[in-house]
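Worksheet: one structure, shown below.
The values are calculated or read from the model by the stated rules, or taken from the named source; none is laboratory data. Fair warning: this is a prediction, and the values are worked out from it, not measured in the lab. Ideal geometry is used to build each Cβ from the backbone, glycine not excepted, and the neighbour counts take in all protein chains shown. Ligands, DNA and RNA are stripped out before the accessible areas are found, and what is left, the full protein with its side chains, is counted by its heavy atoms. Shrake-Rupley method; radii C 1.70, N 1.55, O 1.52, S 1.80 Å.
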Amino acid sequence: MIVINETTAFAFDDILFTFALASEAAEVFNGHEKLITGIGKVNAAYQLTKAIAAKKPKLIVNLGSAGSAHFAKGEVVCCTGFVQRDMDVQALGYQKYETPFSGLPSVVSYGLELPGLKTAVCGTGDNFEMGHTAADYTVVDMEAYALAMIAMTEEIPFLCLKYISDGADDNAADDWTELVHKAAVAYGEILGVNTVG
């Protein structure tokens with residue numbers, strides 16, 4: 001069971017754990033309902049939409065690695081705001097990150113907070129960012145915005161935890177390769193998930 005606060009908790013059987021890559025789940029989440037979406041917003045959106053129709057989860061938990069120039073490598077943060085960082089239609093009078101005609105703000109605020117973790121705004125885009133300088137978001141990934149938007153649209157509670165694997169800088173690729181496997185262990189400890197198999 002994942003306890004969010006004094007009045008909100010979810011049984012593991014009601015939770016869909018989502019990861020971009022199997023390496024982010026490792027063996028820690030064997031025995032639990034997990035979805036490996038693949039990399040990028042399109043893959044994430046497609047796979048989660050199919051999984052919701054088939055499994056009807058009561059909570060969606062997105063776990064993955066992220067880069068950050070704001071948080072320390074190895075830290076786990078809870079994302080409660082989401083930006084589509086590669087959406088830019090300012091030339092037509094829209095705010096940066098705003099999707100035209102969607103009715104959504106440039107920052108989508110949708111996500112549960114987990115006590116004891118710092119909160120963050122996640123900037124999602126279809127590129128591996130190695131020069132993060134934007135102040136509008138504090139972590140970068142490639143899937144969370146799409147997952148959060150779908151969870152919000154379907155009115156399913158959403159919890160998003162990101163393991164900071166790199167500084168979203170010139171060393172990001174090397175750092176990510178070295179640290180990504182540690183994410184699952186960190187998540188298992190925070191969420192009380194026991195290793196199975």
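What to note about this one:
- Here the gap between N5 and L117, fully extended at 0.36 nm per residue and compared with their Cα-Cα distance, gives a gain of 39.0 nm.
- Checking the Cα-Cα distances for K50/K118; K50/K162; K50/K96; K58/K162 against a 25 Å cut-off, the pairs over it are K50/K118; K50/K96.
- Computed E for I156/A91 - FRET, C-beta separation, R0 35 angstrom, nearest 0.05: 0.50
- Here the Karplus curve 6.51 cos²θ - 1.76 cosθ + 1.60, taken at θ = phi - 60°, turns the phi angles of the stretch 82-92 into couplings of 9, 10, 8, 5, 9, 9, 9, 10, 4, 4, 9 Hz, with x standing for Gly and Pro.
- Cβ crowding within 10 Å averaged over residues, with 113-119, 158-164, 90-96 ranked highest first: 158-164, 113-119, 90-96
- Solvent-accessible area per residue, Å², over the chain with all protein chains present [probe radius 1.4 Å]: 47
- Principal axis dimensions, largest first and in whole angstrom, of the chain by Cα: 51, 37, 31
- Dividing the summed helix terms, -39500 (n - 2.57) for each DSSP H run of n ≥ 4, by the number of residues in the chain produces a 222 nm estimate of -6500 deg cm²/dmol to the nearest 500.
- Disulfide-incompatible cysteines by the Cβ rule (no partner under 4.7 Å) in the chain: C78
- On the chain, 53 percent of the accessible area sits on carbon and sulfur atoms, based on a 1.4 Å probe.
- Hull volume in cubic angstrom per residue (convex hull over the Cα atoms of the stretch 1-113): 147
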